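Below is one structure, written out as structure tokens; comments come after it.
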Amino acid sequence: MVAPPWIPVPPPGYGGIESVVELLCDELVARGHDVTLFAAPGSRSRARVCTPLEAAHPEQIGDQLHEADHVAAAWDAIDAGAPGPAPVDVIHDHTGVVAVAMGARAPAPLVQTLHLPLEGDFGRFYARHGHKATLVAISRSQARAAPRGVRIDAVVPNPIAIERWPFSDAKDDYLLWIGRMDPVKGPHRAIEVARRAGRPLVLAGPVQPGHERYFQECVEPHVDGRRIRYAGEVAGERKHRLYARAAAMLMPIRWAEPFGMVMIEALATGTPVIAFAEGAAAEIVADGRNGRLVRDEAEMARAVGDLDRLDPRVCRESVARRYAASGAVDAYEAIYRLAAGRRREPAPLLLRGTADRRPGPERMSPGRPLGSVARPQRR
Ligand code: UDP
């Protein structure tokens, strides 16, 4: 399992991918798989942890120098047989473009979970290189938006450990917006909605590199510590309490949200989600049941005035089983078998000294049928 290099697993605060990686590793190990996790220093896991880099780099999130360094060092370690007693059957990657670009030369079949929308240059990149990995989307909308020529092999929604999230049916007056301070996530639109609805708003989340100016100009000037409060980046019990006591969570997104962990986290605590119907929002929010799907700030403000119809218990139930780690790992086990079965003959140069360590599909342990996973197709 290769996590991104910037934030440890589990994440000390912000870090949706890192939470997902933590749960997948735990569940795979519980099922008896031998898992090595390559992640940022400071990571902890029930899997064997390898930290190729000297330090985590939360301040340089997205910097491809660290990504390339991390992925290359992880693959070197796999090539050298370092991670464990047996050869690696499959690499499950959660990083970015470097692994996919080089996927045909990976030291084991490569599965990549896509954590970003496949748009623009990024989409074009996958159209060119995506065939070098078995690609997994995290929502149907993300898969649907993939450009022509990008083969998505399966859709596996991100999991959540529901038992870790406290439920509350007693709610305070405030609205919650939580996420990274980025115009696509819309904290400035949440401010507008709270004003229109006449409700207090709590904003929580980090200001990542490149977004300092947006935060200073579009968010910070509205923070008065009373009607609009900024809690900074939140974690642990404080984060749980913020979610659980909120009247609703606002998701005024303007992008093809590939999943949106914050939505299932809010719902887990019994807090309804009012979202713009973009990206995966409509797959998580059922309008009128666990939240509302709206078009703009005016509709969102009106929906805030009509929260009584939404039952916190229904909110929690809507995510309790659907996003369990067991379901995600059932799917990933099938995907790993699919990827291992696709292993191409290594190029002659690569064969030397490595062929004897490479498992063929016949050596994978038998398991569940492929289920919803797409069957191998000819390229
Ligand atoms: N998060 C956090 N503290 C914050 C803001 C966010 O722990 O102050 C976490 C949040 O709980 C979620 C993740 O960061 O698990 C954000 O994931 P999401 O999928 O919503 O957004 P993205 O990955 O696009 O930033």
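The values are calculated or read from the model by the stated rules, or taken from the named source; none is laboratory data. This is a predicted model, so every value here is computed, not measured. Positions of Cβ are backbone-derived with ideal geometry, glycine not excepted, and every protein chain shown enters the neighbour counts. Note: accessible area is taken over every heavy atom of the protein model, side chains too, but ligands, DNA and RNA are not part of it. Shrake-Rupley method; radii C 1.70, N 1.55, O 1.52, S 1.80 Å.
Quick look at the numbers
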read-out: Residues (assigned to a helix (DSSP H, G or I) and in contact (Cβ under 8 Å) with a residue 40 or more places away in the chain) located in the range 1-21; value: 16, 17, 19, 20, 21
read-out: Members of the range 67-80 that are over 20 Å from residue 135 (Cα atoms) and open to solvent by 40 Å² or more (accessible area, probe 1.4 Å); value: 69, 76, 79, 80
read-out: Search result, residues across the range 20-60 that are open to solvent by less than 30 Å² (accessible area, probe 1.4 Å), more than 18 Å from residue 86 (Cα to Cα) and of a type in the set (Ser, Thr, Tyr); value: 43
read-out: Residue within the range 200-208 that is of a type outside the set (Ser, Thr, Tyr), surrounded by fewer than 21 Cβ atoms within 10 Å (Cβ to Cβ) and closer than 21 Å to residue 141 by Cα present; value: no
read-out: Residues located in the range 99-131, provided they are among the β-branched types (Val, Ile, Thr) and either under 21 Å from residue 255 (Cα atoms) or more than 18 Å from the chain's Cα centre (by Cα) (or both); value: 113
read-out: Inter-residue pairs, beta-carbon under 7 Å, first among the hydroxyl-bearing types (Ser, Thr, Tyr) and in the range 310-321, second open to solvent by less than 30 Å² (accessible area, probe 1.4 Å), 6+ apart; value: 318/267; 318/290
read-out: Which numbered condition residue 91 fails, given (1) surrounded by 18 or more Cβ atoms within 10 Å (Cβ to Cβ); (2) within 16 Å of the ligand (Cβ to nearest atom); value: (2)
read-out: Index of the failed condition, residue 303 passing every other in (1) closer than 30 Å to residue 173 by Cβ; (2) within 24 Å of the chain's Cα centre (by Cα); (3) in a helix (DSSP H, G or I); value: (2)
read-out: Residue ranges of helices (runs of 4 or more DSSP H) in the range 191-292 with at least 2 members near the ligand (Cβ under 10 Å from one of its atoms); value: 236-245, 261-268
read-out: Every pair of residues 6+ apart whose Cβ atoms lie under 9 Å, when the first sits in the range 122-134 and is farther than 20 Å from residue 339 by Cβ while the second is of a type in the set (A, V, I, L, M) and open to solvent by 40 Å² or more (accessible area, probe 1.4 Å); value: 122/116; 123/145
read-out: Neighbours by Cβ (under 6 Å, 6+ apart or cross-chain): first from the range 61-76, more than 17 Å from residue 122 (Cα to Cα); second outside any loop (DSSP other than H, G, I, E, B); value: 71/98; 71/99; 74/2; 74/38
read-out: Qualifying residue in the range 2-10 (condition: away from the ligand (no atom under 16 Å from the Cβ) and in contact with a Ser or Thr (Cβ under 9 Å, 6 or more places away or on another chain)); value: yes
read-out: Filter result (away from the ligand (no atom under 16 Å from the Cβ), within 18 Å of residue 77 (Cβ to Cβ), part of a loop (DSSP other than H, G, I, E, B) and free of Cβ contacts under 8 Å to residues at least 40 places away in the same chain) within the range 40-51; value: 41, 45, 51
read-out: Qualifying residue in the range 102-121 (condition: without any contact (Cβ under 8 Å) to a residue 60 or more places away in the chain, in contact with a Phe, Trp or Tyr (Cβ under 9 Å, 6 or more places away or on another chain), open to solvent by 20 Å² or more (accessible area, probe 1.4 Å) and more than 18 Å from residue 339 (Cβ to Cβ)); value: no
read-out: Flag if residue 83 is under 22 Å from residue 258 (Cβ atoms) and open to solvent by less than 30 Å² (accessible area, probe 1.4 Å); value: no
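Here is a yes/no grid of residues against (1) modelled with pLDDT of 95 or more; (2) open to solvent by 30 Å² or more (accessible area, probe 1.4 Å):
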position: 307; (1), (2): no, no
position: 337; (1), (2): yes, yes
position: 350; (1), (2): no, yes
position: 355; (1), (2): no, yes
position: 373; (1), (2): no, no
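Rundown of residues vs (1) in contact with a helix residue (DSSP H, G or I) (Cβ under 9 Å, 6 or more places away or on another chain); (2) within 16 Å of the ligand (Cβ to nearest atom); (3) open to solvent by 10 Å² or more (accessible area, probe 1.4 Å); (4) at positive phi, yes/no style:
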position: 137; (1), (2), (3), (4): yes, yes, no, no
position: 143; (1), (2), (3), (4): no, no, yes, no
position: 152; (1), (2), (3), (4): yes, no, yes, no
position: 166; (1), (2), (3), (4): yes, yes, yes, no
position: 174; (1), (2), (3), (4): yes, yes, yes, no
position: 177; (1), (2), (3), (4): yes, yes, no, no
position: 187; (1), (2), (3), (4): yes, yes, no, no
